[in-house]
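Here the structure is laid out as structure tokens; the discussion comes afterwards.
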Amino acid sequence: MHALKPFIEAQCQELCGYTLTTAVLEVPPDPTLGDFANKAAFALAKQRRMAPPKIAAELAEQLRAAAPEWLADVSATGPYINLRLSDAWLMEQLQAETWAGTEPAPDSVAWLLEYVSANPTGPLHIGHARWAAVGDSLARLLTYAGERVQREFYVNDAGMQVANLRRSVDAVRAGKPVPEDGYHGDYVKELAQQTADPVGLMLAEQRETLHGAGVEFDVWFSELDLHRSGAVEKGLERLRQGAFTFEHEGALWFRSTAYGDDKDRVLRKSDGSLTYFAADIAYHLNKLERGFGRLVNLWGADHHGYIKRVDAAVAALSQSLGRPYAPGETLHVLLGQLVNLFRNGEPVRMSKRTGDMVSMQEVMDEIGVDALRYLLIRKHPNTHMDFDLAKAVEQSPDNPVYYVQYAYARLSSILRKASVGAIHELPLQLPQPLHPSERAVILKALQWRDVVAESAALLEPQRICTFLEELAVLLHVFYHDCRVIDEADAPRTAFRLALVQKWQGLFRTGLELLGVSAPEQM
RNA sequence: GCGCCCGUAGCUCAGCUGGAUAGAGCGUUGGCCUCCGGAGCCAAAGGUCGGUGGUUCGAAUCCACUCGGGCGCGCCA
């Protein structure tokens, strides 16, 4: 299935004989004006040296004369050309739509999504849950849109932080106080009661939590492996050979300012030890060497100062490897703002379990996976977010996840009642003119491909939520206005049951991309 | 001091990369169950899109400055 807007725009251009590269289609403010509005007259005003309303009138006339089968009505309202699609054509499109994802093109670039990548030094918190939900949903969305995607978790199992955790746990095991700069949460005591390595235990716990949230990774990439395999040294060597480095005061530096960074960065300190950045360079070199062309990293907003240097490294490494590099594209860092937890408007900070922050596991246990994922994905990751646990757990329309799921449950309920489960595919034959509420759902549903294309291109899965909520509103209105099962009108019943089947499939598909369940009943 | 992010209805947020009278939910007020699920629907009220300039035929959207909130500026990770 193709997206609706590009098709209509291309048709208008062809039938009216103009060319534009920008998108000109939009939805009119009042549905009685039309299904779509073409604002090409604005763009054409300069080159034709005519007033937009005059151009719009002419183009509308041309379209009317051409009378394509997809167009039921066209009218110029001021500078806008308002288009109404024909019911028959809409039904044709809907009939052909299966909501199936797109197969990747054989020569398409491979994407590597890296997200969460928490230090294995403590339980995951609500912030990690946000990157987990968004990253996982983004991976599903891109895959659905026909991209080849790998999901990866970078394990910071080398360096100071994990050593610090081990020291803290060892102290407790020896009955000594935890060092001042060590880890002090209650979980440290729990780790101390077990004999295994605390880092391994912590990692396993994080994995378990993510698994419980439906978040899976293809690869858990160990930083320690980078060091042990000599990959870090290899990365530095590559930069040195490309003359991207210099020595200064006994340290080895990366000339990142040559690629837009604010200052040059140390790779090997004067005491001979490596910086964290050196390992990160090796990691990104490894990503490129594995053939990935699009690197997407989800980071907490507190890491934004780190973007420029890593991007500089990716630019230098790409150049060294003879690979293409596009700013903001080869490496795309998605920043996620931290989440503030509330309960009934009161800030929540303390936790009995960790003595520090409420863990992701605790939140999930309290409000459930569906609400957690949906509410976290729903907002643009780079906006500050107030998350109220009391509202999240509430099963009310205040909680959009239930509103959307309820729409699906209602559709399922109708099909149950009509017992059409056994019928494979009902014909979508139009028995009479469409009811406005019925038509509104159909029109919205057919914009699915446009929404998927836009969210994938912008890496913004929250648009799927917005779409599903808008679709749910229209669905509830339809449900209210139009009775589906009517013994006195068999043809219309069959038609509407077929519609309900189609829509149910769309809700299921949309919720699947979010990793949220689609309940048959609630 | 420098840099990044966010300011849209009382609250939580959308706003289709610059277009028509700025939208939704909650909350408030008032309606709708002889009917496939009322966890729903309809209506009313609620806004100088933080502010000031600028670009443009046209700005919530782009630019500059400014105010408020968050965060970052190590040979830390």
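The values are calculated or read from the model by the stated rules, or taken from the named source; none is laboratory data. Small disclaimer: the values here were computed from a predicted structure and weren't measured. For neighbour counting, all protein chains shown are included, and Cβ atoms are generated from backbone atoms with ideal geometry for every residue, glycine included. Each accessible area value is taken on the protein alone, full model and side chains, heavy atoms only, with ligands, DNA and RNA left out. Shrake-Rupley method; radii C 1.70, N 1.55, O 1.52, S 1.80 Å.
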How tilted is helix A:276-289 with respect to the longest principal axis of chain A? Cα atoms for both, answer in degrees (0 to 90, nearest 10). 50 degrees
For residue A:225, tell me the accessible area in Å² from a 1.4 Å probe, rounded to the nearest 10. 90 Å²
With a cut-off of at most 14 other beta carbons within 10 Å, and DSSP calling the residue loop, which trypsin sites (Lys or Arg not before Pro) in the range A:24-120 qualify? Please list them. A:49
Chain A - share of DSSP beta bridges that are antiparallel (%, nearest 5): 50 percent
Per the charge dipole of chain A (beta-carbon charges, Lys/Arg positive, Asp/Glu negative, Cα centre), the residue among A:295, A:50, A:371 reaching farthest to the positive end is A:50
Treating the beta-carbon of each Lys and Arg as +1 and of each Asp and Glu as -1, no other charges, what is the dipole magnitude of chain A about its Cα centre, to the nearest 20 debye? 620 debye
What span do the alpha-carbon atoms of the range A:184-340 cover on each of the three principal axes, reported in whole Å from largest to smallest? 50, 36, 31
Tell me the mean residue ellipticity at 222 nm calculated for chain A from its helices only (DSSP H runs of n ≥ 4, each -39500 (n - 2.57), averaged over every residue, nearest 500). -15500 deg cm²/dmol
Length gain on complete extension for the stretch residue A:273 to residue A:469, per 0.36 nm per residue less the alpha carbon to alpha carbon distance? 65.3 nm
Heavy-atom accessible area order for A:466, A:245, largest first, 1.4 Å probe: A:466, A:245
What nm value, rounded to one decimal, do you get for the distance between residue A:520 and residue A:416 when each label is placed 7 Å out toward the C-beta? 0.8 nm
Exactly which GluC sites (Glu not before Pro) in the range A:212-285 are in a DSSP loop and have at most 16 other Cβ atoms within 10 Å? A:216, A:249
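Tell me whether the range A:1-47 comes out rounded, prolate or oblate; compute the Cα gyration tensor, take square roots of the eigenvalues as a ≥ b ≥ c, and use a/c under 1.5 as the rounded threshold. Don't skip to the answer; put the middle values down first.
Working: a/c = 2.12, a/b = 1.20, b/c = 1.76.
Oblate.
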Listed residue (A:415, A:475, A:452) projecting farthest to the positive dipole end of the range A:400-514, Cβ model: A:415
Can you compute the FRET efficiency between residue A:164 and residue A:390 using 1/(1 + (r/R0)^6), with r the Cβ-Cβ distance and R0 = 41 Å? Round to the nearest 0.05. 0.70
Order the peptides A:191-199, A:293-301 from the highest to the lowest mean number of other Cβ atoms within 10 Å of their residues. A:293-301, A:191-199
Measure of exposure for residue A:290: accessible area at 1.4 Å probe, Å² rounded to 10, is 90 Å²
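FRET efficiency for residue A:382 and residue A:190, Cβ-Cβ distance as r, R0 = 45 Å, nearest 0.05?
Approximately 0.85, to the nearest 0.05.
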Heavy atoms of the protein only, probe of 1.4 Å, neighbouring chains included. What is the accessible area of residue A:167 in Å², nearest 10? 120 Å²
With every atom except the alpha carbons ignored, what do you get for Rg and Dmax of the range A:4-85, in angstroms? 11.3, 31
Once the Cβ-Cβ distance between residue A:323 and residue A:483 is put in as r, and R0 is 56 Å, what FRET efficiency do you end up with, to the nearest 0.05? 0.40
Check: C-alpha center the range A:302-331 vs C-alpha center the range A:184-229, spacing in Å is 29 Å
Within the range A:253-284, what residues put their amide N at less than 19 Å from the label point 7 Å along the Cα-to-Cβ vector of residue A:247? A:253-256, A:265-275
Compute the long axis of helix A:126-144 from its Cα atoms, compare it with the longest principal axis of the Cα atoms of chain A, and write down the angle in degrees, 0 to 90, nearest 10. 50 degrees
Note down the Stokes-Einstein diffusion coefficient of the range A:400-514 in µm²/s, whole number, using a Kirkwood radius over alpha carbon pairs, 37 °C, and 0.692 mPa s. 224 µm²/s
Equivalent-ellipsoid semi-axes of chain A, from the Cα gyration tensor, Å, largest first: 50, 32, 18
Carbon and sulfur atoms: what percent of the 1.4 Å accessible area of chain A do they account for? 52 percent
Keeping all protein chains in place, calculate the accessible area per residue for chain A (probe 1.4 angstrom), answer in Å². 46 Å²
